[in-house]
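Chemist: Questions regarding the structure given below will be posed in turn.
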Amino acid sequence: MKLSSTLSLLTCGALGLTSCQTGPSLKELAQARAVMEEGIRNEAKGNYFIGRRYYKVDYKMWGYLRKPGEPWSDSRLVMFNEDRTLAADRALNAIGSDNGFEYKVFGHFSGQDVYEPASNVIYPEFILERMELLTQTPGPIFKNRKALDPQERYYPNPY
């Protein structure tokens, strides 16, 4: 495969685009990140989190949470406690159907940690109270397209 084709596939995956043929250029990818980062800087402060659903077939963590105005590099991969309300995909009985979506998430960290045996990782527990969909096509937060593939047993930190 040619390097340009490989880069196109990688950038399409980084952006979460499924119908991308040639993919965005590196310049377009950088512009998308810049727009996303500007949006983050302009987020209203408040008692909520921004969540990015991160679905992996073999793992049970929910995804990344960050405080409004903070970069994705400061986010935490969390496990939801859904005793009060179900996460959006579970409420629809369509687990993982919202992979990559971004939400405004309300609730709090319990201070407890939850062991997830498939990944052999301990995640902070977040008590979910409610969530609101912000976008189904948020900006790119990962450098590697493997991060977006639900079948891959790979999960990096956002940059």
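Chemist: Report, by chain and number, residues whose modeled amide H sits under 5 Å from the one on Asn81, excluding near sequence neighbours (fewer than 5 apart, same chain).
Modeler: Long-range HN contacts for Asn81: Phe126, Ile127, Leu128.
Chemist: Sort 99-105, 45-51, 70-76 for me by packing, meaning the mean count of neighbouring Cβ atoms within 10 Å per residue, highest on top.
Modeler: 99-105, 45-51, 70-76
Chemist: Residue by residue through segment 51-60, which ³J(HN,Hα) values in whole Hz follow from phi under the Karplus form 6.51 cos²θ - 1.76 cosθ + 1.60 (θ = phi - 60°), with glycine and proline marked x?
Modeler: x, 10, 5, 9, 8, 10, 3, 8, 10, 10
Chemist: Beyond 12 Å, how much of the Cα-Cα pair distribution for segment 58-99 remains, as a whole percent? Mind dumping the intermediate values first?
Modeler: Working: 564 of 861 pairs.
Above the 12 Å cut-off, segment 58-99 has 66 percent of its Cα pairs.
Chemist: Using r as the Cβ-Cβ distance of Ala91 and Asn47, and R0 as 25 Å, what FRET efficiency do you calculate, to the nearest 0.05?
Modeler: So the FRET efficiency works out to roughly 0.65.
Chemist: Mind running the shape call on segment 47-116? Use the C-alpha gyration tensor, a ≥ b ≥ c as the square roots of the eigenvalues: rounded below 1.5 for a/c, prolate if a/b tops b/c, oblate otherwise.
Modeler: Rounded, since a/c falls under 1.5.
Chemist: Further question on the same structure: Would you please state which residues of segment 122-159 a label at Gln31 would reach in this model, taking the label point 7 Å out along Cα→Cβ and a backbone N cut-off of under 14 Å?
Modeler: No residue qualifies, since no backbone N sits under 14 Å from the label point.
Every number in this text was worked out from the coordinates using simple rules, so none of it is lab data. Please read these numbers as outputs of a predicted model, since none were measured by experiment. Glycine gets a Cβ as well: all are built from the backbone with ideal geometry, and neighbour counts include every protein chain shown.
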